[in-house]
Amino acid sequence: MHEVIVAMDFSSKDEVYAFLKRLEGERPYLKIGMELFYKEGPDMVRRLKGEGYKIFLDLKLHDIPNTVYKAMKNLGALGVDITNVHAAGGIKMMEWARRGLTEGSVAGADTKLIAITQLTSTDEKTMREELLIAESLPKTVEKYALNAKAAGLDGVVCSAFEAPAVKAMGLISVTPGIRLAGDAVGDQKRVATPALARELGATHIVVGRSITGSSDPKAAYLTTVSEFLS
């Protein structure tokens, strides 16, 4: 399955609904991240799920295993479609996240749990000089993905350029850093077009500013869908 996920990087529910109104009947898969969740809370998630939207709840949990277990147990009750943790927390933390999500999930929910490998705003210079990671970025992402698989997770967040290795592991790959041709890169380092992401084997793409910042977001959304799903 391939999916286009639109990042709801807004600060309030009013901004979210103003944006969705501009899509004129389209019902995209939505990413709710920290900015919106910390302002509006779980009620925003429940409301959008109740209206039939698929939700990727992008809260990037990273803490000791017991804390992540308890938090994920609470998030499981929301019945979202995808949620995530940081692979840097290690296999045990990811295993406990999986257990918490399973125990907390509502009946009938099939929430996918994925792990962030390296943010698409990170490059090898940052890894070497700030994080003291000596391995290459591709090897680091591959190892983190292998750890996620060992922990029983469904997939990872990575850039489109690491999607081939992730696909070979049988995991889903949720790839941010997607821009339509000609759009500004912004704070991202490893970016790709929807067509390139599909060619590289990504199963899901997350698109923010190319759609939400467009003067015609419906046209930008439909273009993205056409490029990725065709």
*How high is the FRET efficiency between LYS60 and ALA150 when r is their beta carbon distance and R₀ equals 25 Å, given to the nearest 0.05?*
0.80
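Going by C-beta contacts inside 10 Å, put SER215, SER159 in order with the fewest on the left.
Starting with the residue having the fewest Cβ neighbours, the order is SER215, SER159.
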*asked:* Can you give me the convex hull volume of the Cα atoms of segment 68-131, divided per residue and expressed in Å³?
replied: 83 Å³
*Calculate I(q)/I(0) for segment 1-95 by the Debye formula, one identical point scatterer on each C-alpha and no solvent, and give its log10 at q = 0.11, 0.13, 0.15 Å⁻¹ to two decimals.*
-0.34, -0.47, -0.61
*Which length gain, in nm to one decimal place, applies between ASP110 and SER11 when the Cα-Cα distance is subtracted from 0.36 nm times their residue separation?*
32.9 nm
*With N set to the residue count of the chain, report its C-alpha Rg divided by 2.2 N^0.38 Å to two decimal places.*
0.97
_Using Cα springs under 10 Å in a Gaussian network model of the chain, which residue among ASP14, ASP123, ASP110 shows the largest mean-square fluctuation?_
ASP14
*If we count every other residue with Cβ under 15 angstrom of TYR69's Cβ, Lys/Arg +1 and Asp/Glu -1, where does the sum land?*
+2
*Taking the Cα centre of segment 3-229 as the origin, how large is its charge dipole in debye, to the nearest 20, when only Lys and Arg (+1) and Asp and Glu (-1) carry charge on their Cβ atoms?*
420 debye
*Leading residue at positive end of dipole, segment 3-229 (Cβ point charges), from THR140, SER214, MET72*: MET72
_Under the 0.36 nm per residue contour assumption, what length would be gained going from the current alpha-carbon distance of ALA88 and GLU103 to full extension?_
3.1 nm
*Please give the residues of segment 84-100, grouped as numeric ranges, whose backbone N is less than 19 Å from a label point set 7 Å along the Cα-to-Cβ vector of LEU131.*
84-95
*Exposure proxy order (Cβ contacts within 10 Å, fewest to most) of HIS2, HIS86*: HIS2, HIS86
_A 29 angstrom limit on the alpha carbon distance is what I want to check against. Which of LYS70/LYS139; LYS73/LYS218; LYS73/LYS143 exceed it?_
LYS70/LYS139; LYS73/LYS218
*Could you check which residue among ALA107, ALA115, ALA87 shows the biggest mean-square fluctuation in a GNM of the chain with a 10 Å Cα cutoff?*
ALA107
_Most fluctuating residue given options LEU57, LEU171, LEU48, as computed from a GNM of the chain linking Cα atoms under 10 Å_ = LEU48
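Throughout, read-outs are computed from the coordinates displayed, never taken from laboratory work. Just so it is clear, the structure is predicted and the values come from calculations on it, not from any experiment. Neighbour counts are summed over all protein chains in view; Cβ atoms, including those assigned to glycine, are modelled from backbone coordinates with ideal geometry.
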